[in-house]
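Written out below as C-alpha cells is the structure these notes cover.
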Amino acid sequence: TEENSLTHGIYMNDIGGNPQYDAAAAKWGAPWRLPSREECEEIIADCTWEWVTIEGVNGYKVTGPNGNHVFFPAAGCMSGSNLITAGENGMYFSYKMCGTYVNFAYGFHFGDDYYELNWLYRCFGRSIRPVLEKK
C-alpha cells in the first residue's frame, strides 16, 4: 500500500541489479535482476503468446524465436492484504521507473485475450520474472 511502501513518492531511476530495491537481486543475488524496459518490449514484440492452463494455473506460454518458452502465471496482484484477479490477470514489473510519475514502474499486463506494455502502480504487489544479466 502507499502507507507501507518504503519508496512511495520517491524518485528512483533504473534499479536493475541493486539489491536494495531490485527484488530479484535481493532474493537471488547477482547476476539475477528484474528485466529492463527493452527486454519487456522484446518479449511482447518478438515472442508468440498463447493463453494456456498448466496444472490448473492460467497464464501465458510465451515462445521466443529460438523455440524456447517461459510460462507467466496469471497471478493477479496484491491490493493491501487482498489478492485480486488471480487466474485472470498477470502484471510483471521491470526495473524501469516512470520518471514523470514516481509511483509507477514499467512492465507488462495481461488477461486471457490481451497482453500489453504499461505503467504499473508500484505500491500494488506485482509479480516479477527474474532474468540473468547478459554477459
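The values are calculated or read from the model by the stated rules, or taken from the named source; none is laboratory data. Computed from a predicted model, the values in this text were never measured in an experiment. Neighbour counts are summed over all protein chains in view; Cβ atoms, including those assigned to glycine, are modelled from backbone coordinates with ideal geometry.
One residue is enough: does segment 84-98 have a residue meeting the conditions without any contact (Cβ under 8 Å) to a residue 60 or more places away in the chain, closer than 23 Å to residue 13 by Cα and among the hydroxyl-bearing types (Ser, Thr, Tyr)? Taking every residue of segment 84-98 in turn, at least one turns out to be without any contact (Cβ under 8 Å) to a residue 60 or more places away in the chain, closer than 23 Å to residue 13 by Cα and among the hydroxyl-bearing types (Ser, Thr, Tyr).
Scanning segment 77-127 for residues being surrounded by fewer than 18 Cβ atoms within 10 Å (Cβ to Cβ), touching a helix residue (DSSP H, G or I) at 6+ places or on another chain (Cβ under 8 Å) and either within 17 Å of residue 34 (Cβ to Cβ) or at pLDDT below 90 (or both) gives a total of 1. Pairs are defined by a Cβ separation below 9 Å, a sequence spacing of at least 6 or placement on different chains, a first member in segment 8-23 that is over 17 Å from residue 99 (Cβ atoms) and exposed (fewer than 15 other Cβ atoms within 10 Å of the Cβ), and a second member that is modelled with pLDDT of 80 or more and among the small types (Gly, Ala, Ser); the pairs so defined are 20/26. One residue alone among 105, 45 is within 15 Å of the chain's Cα centre (by Cα) and of a type in the set (A, V, I, L, M), and that residue is 105.
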